[in-house]
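Written out below as structure tokens is the structure these notes cover.
The values are calculated or read from the model by the stated rules, or taken from the named source; none is laboratory data. Predicted, not measured: the structure shown is a model, and the values here were computed from it. Because the Cβ atoms are built from the backbone with ideal geometry, glycine has one as well, and the counts that use them run over all protein chains shown.
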Amino acid sequence: MADGFGTISPYEQSCSTAYRPVLATEDPAQSRPSRCLSWTLLLLLVVDVCLLISALVCLSGLTGEQLDLEKKISDLTNTAEASYSKATEHHNETRTRLRAVDSNISFCTEAVINVSNSLSDSGLQNAIELYKMYIRDFCSKKASEKAYTCLPCPLGWQQTGRRCYVFSDQQKTWMDSQLFCQSKQADLLIINNAEEQQAIISKKHSSRYYWIGLSDRVKEGDFRWVDNTSISTTEQFWRKNQPDDYNNEDCIHLSYDGLWNDISCDTQFYFICEKESRMIFFL
């Protein structure tokens, strides 16, 4: 196509078929110029490459964002797991404390029920007698005082930890000694460990023998405490070469040095009674 001056533009000249005749030997379809098609294909190729590069850039950006998101999710997961573990530990600790509280409540409830039963009907008189016994055994009052002073152990007894001990000032056989202790709601001494053994030695009279609650009267060689527990459940503090069962020796006493020795149960010695201390709240 010609412009206003009757000339053909270079672009139109490159894509037009009017500037040369079609030879008789040429196929009309083949007579189209190929230069325009080449430029078009090149342009399409460039566009495709640009689109591909853009897609790769976007994909790279998405991959980076995905990695950041995965890291954040992983951090949140670890934090949640740590919080859950800490909450579980706190929950278990709380349950343990609640069990202890429940146990104490059950104990107190049982004690209240027992007191209530003792106060019902004829049990009221028994409770009064029990109160009088506590006052008599555990409490003292001077003429100048308006209230009783009450102790965890009966008057005249010595307290060590949660145990009360009394060292007799009279001598009896082993069996009579145990009967006397039982009349005081106690038993002959049971020594459980080295601390108790040492505490007894420090309190006893240094020149006296004392019966303790150990013997093999029922079965020879099977030493048991007065609560029927085996000697194997406690520490032992025998004198050298003892026990020897010389002349039918079935009962145990403390020697001058506090070590154990077996001797005839009919021998008369001083003795030590023991019982658990009590919390007294009377005024």
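Among the residues here, residue 186 does not qualify as out of contact with any strand residue (DSSP E or B) (no Cβ under 6 Å at 6 or more places or on another chain), over 16 Å from residue 269 (Cβ atoms) and hydrophobic (A, V, I, L, M, F, W, C).
Restricted to the stretch 225-272, and to residues there that are part of a loop (DSSP other than H, G, I, E, B) and aromatic (Phe, Trp, Tyr), the residue that is farthest from residue 192 (Cα to Cα) is 246. Would you be able to say whether some residue in the stretch 251-259 is in contact (Cβ under 8 Å) with a residue 12 or more places away in the chain and over 27 Å from residue 169 (Cβ atoms)? No, there is no match, as no residue in the stretch 251-259 is in contact (Cβ under 8 Å) with a residue 12 or more places away in the chain and over 27 Å from residue 169 (Cβ atoms). Does residue 228 fit the bill of being in the same structural domain as residue 260 (by TED's automatic domain parsing), surrounded by fewer than 17 Cβ atoms within 10 Å (Cβ to Cβ) and closer than 21 Å to residue 278 by Cα? So residue 228 fails the test. Per the listing 209, 270, the residue uniquely hydroxyl-bearing (Ser, Thr, Tyr), at pLDDT 95 or above and under 30 Å from residue 150 (Cα atoms) is 270. Strands (runs of 3 or more DSSP E) fully within the stretch 150-224 that include at least 3 residues being surrounded by 16 or more Cβ atoms within 10 Å (Cβ to Cβ) and in contact with a Leu (Cβ under 7 Å, 6 or more places away or on another chain): 210-215.
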